[in-house]
Structure formats: structure tokens, C-alpha cells
Amino acid sequence: MTLSASPTSPPLLAAIEAGGTKYVCAVATDPARPLLETRFPTGDPHETAARAVAFFQEASALHGPIASLGIGTFGPARLDRAASDYGNILTTPKAGWSHFPLVAELKRALGGDLPVAFETDVNAAAVGEARHGAARGVRRVAYLTIGTGIGGGFLDDGRLLHGRMHPEIGHLIVPDLDAAYGKATQVCPFHGSCLEGRASGPAIEKRWGKPGHELPDDHPAWELEAAYLALGCLNLTAAWSPDMLLLGGGVSQKSGLIERVRAELERLAGGYWDLPPMDEYLKLPALDQQAGIVGSLVLAREALA
Ligand code: ZN
């Protein structure tokens with residue numbers, strides 16, 4: 001009697017959280033538990049892609065062939081598989097990256113038949129939180145990130161919202177709340193008063209002359225920040241009707257900020273929507289900085305199906 005073949009090992013998933021300032025690369029068989037992970041600054045696109053490829057080749061030598069790749073990238077990017085420039089970064093101020101064919105470059109090195117999922121970094125983070133984080137079991141999840149920029153993704157019953165390009169909720173237009181504080185700060189070169197221009201980390205630093213983490217909890221900066229973020233959350237409540245809104249990114253971690261945003265959102269909503277209690281509706285992510293890479297690994301697994 002011969003022994004049957006050794007049990008099939010689970011497929012090795014590869015993922016990149018392709019941020020504008022750093023790349024995080026990982027491999028895993030279980031998306032919640034990366035086996036190997038590396039991070040490096042996002043530099044020249046060809047060199048950055050080559051570093052990712054080198055990591056996956058080393059990981060593959062240790063753990064076997066890579067079965068699929070999930071990418072959560074900074075935007076704008078072409079997500080539409082039917083488009084001729086699918087897999088490309090679109091026009092971006094980031095030097096060298098405009099129209100860079102990221103998916104094609106990676107597939108050229110890792111194999112033309114490799115199944116690939118190509119998403120925005122915020123959509124990937126929404127998936128990570130929905131499968132393994134604060135929004136487990138929640139059907140409709142909106143994820144906002146407030147950091148160097150402001151971005152957002154929406155997962156609707158397992159399906160990520162793309163639209164013609166993808167949501168760019170950082171550029172929702174908001175009223176000027178600066179004037180009441182004797183300020184006039186906005187940092188977006190495209191719009192007079194958009195959420196990112198008013199409420200991103202760079203806007204806080206420009207307005208108050210210090211980065212947010214140096215401003216005390218009772219500084220007026222946080223009342224104003226909460227008011228802007230509540231406007232963003234209200235607009236997303238109106239447009240997307242999520243079951244839960246997650247506030248990610250470095251700025252959201254400020255102690256006491258989410259409580260202020262909840263109070264202001266409740267006030268602005270005016271009882272119009274049948275919303276869950278605010279501390280269940282508006283939450284901080286649970287995976288912290290891992291949401292993007294975990295979500296990209298989940299997307300890699302889904303790309304196998
Ligand atoms: Zn803008």
C-alpha cells in the first residue's frame with residue numbers, strides 16, 4: 001500500500017500595500033498572519049517595483065511558488081480591467097509615477113499568468129478591516145483615512161465601489177469653517193475648499209504651525225478638525241449609506257478626536273437618518289497600520305477564485 005500524496009499546502013499569497021511614501025510587501029497563506037514582510041520607501045517606480053519583485057523571489061525560494069498577487073496602490077490608478085491602461089498609475093504629482101504600468105511591470109517579472117487584484121490602498125484597507133478587523137461581519141463598510149492626504153473606500157456587500165475611476169472623497173467640497181477661527185488654510189492645489197485641503201495632516205500643520213501630534217488635546221485645532229471630518233462623514237452617510245464608517249490614518253488616532261467627530265456628526269445629521277448609536281457607527285480601525293497589507297492579501301486570495 002502506498003501513501004497518498006502529501007497534503008496540498010495552501011497557496012502562497014503575495015501582496016503589496018503600495019503607498020505614496022512607503023511600499024509594504026508580504027507573503028502569507030493566511031491573510032491575517034503574514035509569513036514574511038518588508039517595507040521600503042517608495043522611490044523611482046522601476047527601482048521600487050524591482051525591490052518588490054526581489055522580495056517575492058526570496059520569499060518564494062523559502063515558501064514555494066506565489067499563487068496570486070494583491071495590490072493596494074496610492075492613486076489615481078486605472079482599476080478597470082477593460083481599459084487599455086488597466087494596471088497603470090494615472091497622472092500624479094509623484095515624480096516618475098505618472099502612467100507607470102505597475103501591474104504589467106510586476107507580471108513581466110513574476111509571470112504573465114499570475115492572477116492579480118489591483119485596487120486602491122483605501123479599498124484594500126476597507127477589505128482588511130471588513131474581513132479581519134473592526135468591521136467583521138458588517139455588510140456595508142466605508143473606510144476613510146486621514147493622514148498626508150484624505151482618501152476613502154467603500155465595500156458594499158463584498159463588492160468594492162470603483163465608479164469610472166475610483167472614489168476620491170478627499171476632494172469632497174466642504175464649507176469654509178476656517179474663517180470662524182481667523183484662519184484661511186487649505187492645501188489642495190486643485191480646489192478652494194475640499195476636505196483634504198482643509199483637514200489632512202499637512203493642512204493642520206500649515207494652519208497651526210505645528211504638526212498635529214504636537215498640538216495638545218484641548219487645542220482649538222481639534223474642534224475645527226472634528227467639524228471638517230464630521231462634514232465628510234455626513235456627506236458619505238448621505239451618498240453611500242454605510243452600516244459603519246471607519247476613521248483610519250495617523251490624524252484619526254489623536255486622543256479624543258473621534259468622540260468630537262461623533263458628537264458633531266450626530267448634530268449635523270439632525271436625526272434624518274436611522275443610524276446606529278454613534279459609537280457603533282463611527283469607529284477606529286482595529287488593524288491599525290496593517291489594514292492595507294492584510295486587505296491586499298485577502299484580495300490576492302480572492303483573485304485565485
Ligand atoms: Zn481637492
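Checking the structure you have, find out if any residue of the range 49-62 is of a type in the set (Gly, Ala, Ser), in contact with a helix residue (DSSP H, G or I) (Cβ under 6 Å, 6 or more places away or on another chain) and under 15 Å from Ile293 (Cβ atoms).
Quick first cut of the range 49-62, residues of a type in the set (Gly, Ala, Ser) only: 49-50, 52, 54, 59-61.
Subsequent filtering for residues that are in contact with a helix residue (DSSP H, G or I) (Cβ under 6 Å, 6 or more places away or on another chain) retains 49.
Next, from what is left, pick out any that are under 15 Å from Ile293 (Cβ atoms): none.
Checking the range 49-62: not a single residue is of a type in the set (Gly, Ala, Ser), in contact with a helix residue (DSSP H, G or I) (Cβ under 6 Å, 6 or more places away or on another chain) and under 15 Å from Ile293 (Cβ atoms).
Specify the residue that is farthest from Phe74 (Cα to Cα); the eligible residues are those in the range 181-192 that are surrounded by fewer than 17 Cβ atoms within 10 Å (Cβ to Cβ) and near the ligand (Cβ under 10 Å from one of its atoms).
Checked the range 181-192; the qualifying residue farthest from Phe74 (Cα to Cα) is Gly192.
Of the residues Pro175, Pro202, Pro216, which single one is within 16 Å of the ligand (Cβ to nearest atom), out of contact with any helix residue (DSSP H, G or I) (no Cβ under 8 Å at 6 or more places or on another chain) and either modelled with pLDDT of 95 or more or not assigned by TED's automatic domain parsing to the domain that holds Arg78 (or both)?
On the way: Pro175 fails: out of contact with any helix residue (DSSP H, G or I) (no Cβ under 8 Å at 6 or more places or on another chain); Pro216 fails: within 16 Å of the ligand (Cβ to nearest atom).
Going through Pro175, Pro202, Pro216 in turn, the sole match is Pro202.
Among the residues of the range 257-285, write down those that are more than 15 Å from Thr237 (Cβ to Cβ) and out of contact with any helix residue (DSSP H, G or I) (no Cβ under 8 Å at 6 or more places or on another chain).
Passing the criteria: only Glu259.
Among the residues of the range 265-305, what is the count of those that are of a type outside the set (A, V, I, L, M), without any contact (Cβ under 8 Å) to a residue 40 or more places away in the chain and buried (at least 19 other Cβ atoms within 10 Å of the Cβ)? Let's see the steps before the verdict.
So the first thing to find is which residues in the range 265-305 are of a type outside the set (A, V, I, L, M), and the list is 266-267, 270-274, 276-277, 279-281, 283, 285, 288-290, 292, 295-296, 301-302.
Now narrow it down to the ones that are without any contact (Cβ under 8 Å) to a residue 40 or more places away in the chain: 266-267, 270-274, 276-277, 279-281, 288-289.
In the following step, the residues that additionally are buried (at least 19 other Cβ atoms within 10 Å of the Cβ) were identified as 281.
Residues in the range 265-305 being of a type outside the set (A, V, I, L, M), without any contact (Cβ under 8 Å) to a residue 40 or more places away in the chain and buried (at least 19 other Cβ atoms within 10 Å of the Cβ): 1 in total.
Looking only at the range 141-172, count how many residues are aliphatic (A, V, I, L, M), within 18 Å of Lys283 (Cα to Cα), away from the ligand (no atom under 16 Å from the Cβ) and touching a residue at least 60 places away in the same chain (Cβ under 8 Å).
2
On the given criteria, is Asp85 in a loop (DSSP other than H, G, I, E, B) and under 21 Å from the mean Cα position of the chain (by Cα)? Walk me through how you get there before you give the answer.
Values: in a loop (DSSP other than H, G, I, E, B): yes; under 21 Å from the mean Cα position of the chain (by Cα): no.
So Asp85 does not fit the description; no.
Does Asp178 satisfy being surrounded by fewer than 16 Cβ atoms within 10 Å (Cβ to Cβ) and under 22 Å from Glu259 (Cα atoms)?
On the way: surrounded by fewer than 16 Cβ atoms within 10 Å (Cβ to Cβ): no; under 22 Å from Glu259 (Cα atoms): yes.
No: the conditions fail for Asp178.
Just give me the residues in the range 184-218 being more than 10 Å from Val251 (Cβ to Cβ) and among the β-branched types (Val, Ile, Thr), in sequence order.
Thr185, Val187
In the range 136-145, is there at least one residue being farther than 20 Å from Leu246 by Cβ, modelled with pLDDT of 95 or more and more than 17 Å from the chain's Cα centre (by Cα)?
First pass over the range 136-145, keeping only residues farther than 20 Å from Leu246 by Cβ: none.
No, the range 136-145 contains no residue that is farther than 20 Å from Leu246 by Cβ, modelled with pLDDT of 95 or more and more than 17 Å from the chain's Cα centre (by Cα).
The values are calculated or read from the model by the stated rules, or taken from the named source; none is laboratory data. The structure presented is a predicted model; accordingly, all values stated were derived computationally and were not measured. Glycine also receives a Cβ, built like all others from the backbone with ideal geometry; neighbour counts cover every protein chain displayed.
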